[in-house]
1. Find the relative contact order for the chain and round it to a whole percent, using C-alpha pairs within less than 8 Å whose residues are 6+ positions apart.
2. Report the Cα-based extents of segment 15-156 along its three principal axes, largest first, to the nearest Å.
3. Can you give me the accessible area per residue for the chain, using a 1.4 Å probe, in Å²?
4. Bin all alpha-carbon pair distances of segment 50-108 at 5 Å intervals from 0 and give each bin's fraction as a whole percent.
5. Report the accessible area of Asp191, computed with a 1.4 Å probe over the heavy atoms of all protein chains in place, in Å² rounded to the nearest 10.
6. To the nearest 10 Å², what's Lys192's accessible area with a 1.4 Å probe?
7. How far is helix 78-101 tilted off the main Cα axis of the chain, in degrees rounded to 10, range 0 to 90?
8. Rank Ile200, Gly62, Val214 by how far each Cα sits towards the positive end of the charge dipole of the chain (+1 on Lys, Arg Cβ; -1 on Asp, Glu Cβ) and give me just the farthest.
Amino acid sequence: MNAAFRGVSSGPGRFTAPLMALAGVVLCVAQALGYAEILCVTEGCALHENTTVFGLSLWWWGAAAFAGLGVLALMGRAGLASRAGLLCLAADIGLLALMALTAPCLTCLVAGALFLAFYLCATPREGVFRRLPLAIILAWALAFSPNLFAVGKEAMQPWPLVGPQAAAVRLFFSPTCPACRDAVAVMSRLDKPFLGFFPIAGTEEEVRMVARTVNGLEAGLSLPEALARSGDGEPVEVGLLLRFRLLKNKVAYLGGRPDGVPHLQINGWPRKWDSVDVF
């Protein structure tokens with residue numbers, strides 16, 4: 001029993017486990033004080049930031065947990081550090097499951113990963129592969145993995161051909177759609193800072209038309225002019241970056257459950273929107 005839990009006091013875990021705990025303390029305290037909010041760019045951050053237990057923020061509870069783990073590791077209490085790390089990992093499963101059902105919090109996922117890292121550093125290999133620890137680790141991984149996919153999906157923000165990426169009003173259009181060209185022309189005349197124009201392409205020719213539109217914009221043409229000329233001209237090279245951007249736009253477009261193009265998405269109420277008669 002003692003040999004199985006000697007990792008913190010004698011092996012590499014003697015140094016790495018306290019470092020993982022220190023990283024967790026720093027992260028939790030910074031998030032609790034509001035200094036790490038810039039690091040969390042997912043929707044779940046705003047959803048879970050005010051969650052409390054007995055009136056105390058989860059981040060302070062997390063800081064206390066990491067501090068306790070670090071103290072145990074520094075004192076060489078290998079068995080206690082390992083069991084406490086496993087307990088924290090088990091408790092994290094509930095939060096991960098909640099985020100998987102709602103929305104992921106990026107900094108919460110980092111904190112959870114630090115709990116796992118601490119446990120793996122504080123526990124020798126033979127201890128990790130016992131039945132109970134292995135079951136908890138697998139359950140944690142099952143709750144953690146859907147959040148990773150959700151974070152990746154949120155990272156697929158659409159690419160605007162013209163306008164801000166976080167445009168409150170987004171027009172998704174196809175370069176071969178006559179109604180889309182009319183919509184682009186009308187909305188371009190509005191010249192509003194909250195408008196964004198997001199092309200989508202379903203065929204190789206449409207991809208090349210978007211590429212020609214980009215070239216037209218770089219040459220100083222307006223978006224309607226560049227779009228009108230996109231069907232003409234010589235063949236154009238299409239890079240992987242443009243294809244990836246168009247893929248992101250298609251994912252965002254389909255996420256709005258559209259009936260067709262042009263498709264208009266309005267997120268919130270745009271600032272400086274003079275009146276509802278703006279259109």
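1. RCO, the chain: 18 percent.
2. Computed over segment 15-156, the largest-to-smallest principal extents equal 40, 30, 28 Å.
3. Details: 15210 Å² over 279 residues.
Counting only protein heavy atoms, the per-residue value for the chain is 55 Å².
4. Whole-percent P(r) values from 0 Å outward: 4, 17, 22, 23, 17, 11, 5, 1.
5. Approximately 130 Å² for this residue.
6. 50
7. 30
8. With unit charges placed on the Cβ atoms, the residue in question is Gly62.
The values are calculated or read from the model by the stated rules, or taken from the named source; none is laboratory data. On a predicted model such as this, the values are computed, not experimentally measured, just so you know. Glycine also receives a Cβ, built like all others from the backbone with ideal geometry; neighbour counts cover every protein chain displayed. Side chains included, ligands, DNA and RNA excluded: accessible areas come from the protein's heavy atoms. Shrake-Rupley method; radii C 1.70, N 1.55, O 1.52, S 1.80 Å.
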